[in-house]
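Peer 1: The structure's right below; bear with me while I get my questions together.
Nothing in this text is a laboratory measurement; each read-out follows from the coordinates by a stated rule. Predicted, not measured: the structure shown is a model, and the values here were computed from it. Cβ sites come from the backbone with ideal geometry, for glycine too, and all protein chains shown count toward neighbours.
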Amino acid sequence: MSIKGFVVGLTAVTAASICVAAPWTSYELVANGDFEAGTVSGDYKEGLNGSNAHIPGWTLANCVKAKASNVYIASGLPIGTYAICLKTNSGSPSSFYQDVTVPAPGVYRISFQWVARPTSGKTAYNKETVTVSFSQVVDGAVPTENVLTTFAATTYASLTTYHRTIDVKAAGTYRLLFSGTSSVDSSTAFDNVSVRKIDTRLENGFFESGTAGAYPHYSTNAGYDNPGWTISSGGIAPAGSTWVANSGVVGTYAMFIQSTSAAAPALHIRT
C-alpha cells in the first residue's frame, strides 16, 4: 500500500501544546535483566560474587538476590519473583555489571527500576549512593567511565523508574555497571534492567536536523526548515526550554504542536 500523505490530527485544547517523540521500534541487548533466571532458597541469598549461577548473565560483587519480603524489598512491590540488591556492608562497596554487544552506532534507551531497602519501621534503610555507567570496553577494560546518573537511594515504598536515551557513536562491547557506596550497612534493589536500540523509520524522526535557538522556531519562520515535516501549528524547541522539558527528550530538540484556538493543529509527514 502506498501512502501519499499521513497526518497526525489532535483535538484542540485552548492554549495547550503537546511534544512529539520519535516513532521507534526496539530490541533488547541485556540478558536476564529481570533477574528471574536462577533461583535461591528462602527469601534472599547474600554474599553473591563473580559469575554466579544464582544470577546468570551478570558479574557481581557483594550482591544479594531477593524476593519482596520486607527484608531487602518491601512486600507487595511488583518485581516479579526476584530482584538484585547492592549491599554495601560496613563500607565495602558493592556492584554488578553486564557487558553487552552494541551491534551498530545509533540511539539506545537505557532503563531500570530501583527501590531502597526498608527497615522494620517502614522507613528507608541507611542511605546508599548509587552510580550507574555505560562505558565502552577496550581490550577487556573500561578506559573512560561514562556515568549516566548518580543518586541517593531513599525511596523504599514504591519502585522508581529511570530511563535515558543516548547516542552511541561506535559498535562494540559496552559495560552497564551499577555500583553502590556507603559508610554503613545499606542496600538498594534493582529490577527490569534494559538496553534497547531505537530504530526510527521516518526522516528526521528525532527532529535534530535544522537549527533552533533558545526559543521555538515555527515552520513559518523565514529561513527555517524542519526537514521531513510540515506543521500547521507548533514548532521545534530545545530541551529544557519553556516548551520542552528535559526528561525523556532525545538529543537536543523536540517537536511540539500547539493550539490556541478552536482549530486543530496537525503534524504532516512530507512525501
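Peer 1: Trypsin sites (Lys or Arg not before Pro) within segment 50-139: which are DSSP loop residues with at most 16 other Cβ atoms inside 10 Å?
Peer 2: Working: sites: LYS65, LYS67, LYS87, ARG109, LYS122, LYS127; in loops: LYS67, LYS122, LYS127.
Listed in order of number, the matching sites are LYS122, LYS127.
Peer 1: Tell me the label-point distance for the pair THR154, SER90, using the 7 Å Cα-to-Cβ offset, in nm and rounded to one decimal.
Peer 2: Going by the 7 Å Cα→Cβ label model, 2.9 nm.
Peer 1: Which net charge results when you count Lys and Arg as +1 and Asp and Glu as -1 among the other residues whose beta-carbon is under 10 Å from that of VAL137?
Peer 2: Details: positive: ARG175; negative: ASP99, ASP139.
Its environment carries a net charge of -1.
Peer 1: Compute the distance in nm between two label points, each set 7 Å from the Cα along the Cα-to-Cβ direction, one at ASP185 and one at SER75.
Peer 2: That separation, rounded to one decimal, is 2.2 nm.
Peer 1: Please list 3J(HN,Hα) in residue order for segment 89-100, calculated via the Karplus relation 6.51 cos²θ - 1.76 cosθ + 1.60 where θ = phi - 60°; whole Hz, with x for glycine and proline.
Peer 2: Working through the residues one at a time gives 8, 6, x, 6, x, 10, 7, 8, 8, 9, 8, 10 Hz.
Peer 1: If you don't mind, there's one more thing I want to ask. Can you tell me, using C-alpha contacts under 8 Å and at least 6 residues apart, the relative contact order of segment 26-199 as a whole percent? Mind showing how you got there, number by number?
Peer 2: Values: 484 pairs, mean separation 55.2, N = 174.
Averaging sequence separation for qualifying contacts and normalising by length gives 32 percent for segment 26-199.
Peer 1: So who's got an amide H within less than 5 Å of the one on ASN70, skipping anything under 5 residues away but keeping other chains? H placed 1.01 Å off N, in plane.
Peer 2: Under 5 Å from the amide H of ASN70 lie the amide H atoms of SER75, each far enough along the sequence or on another chain.
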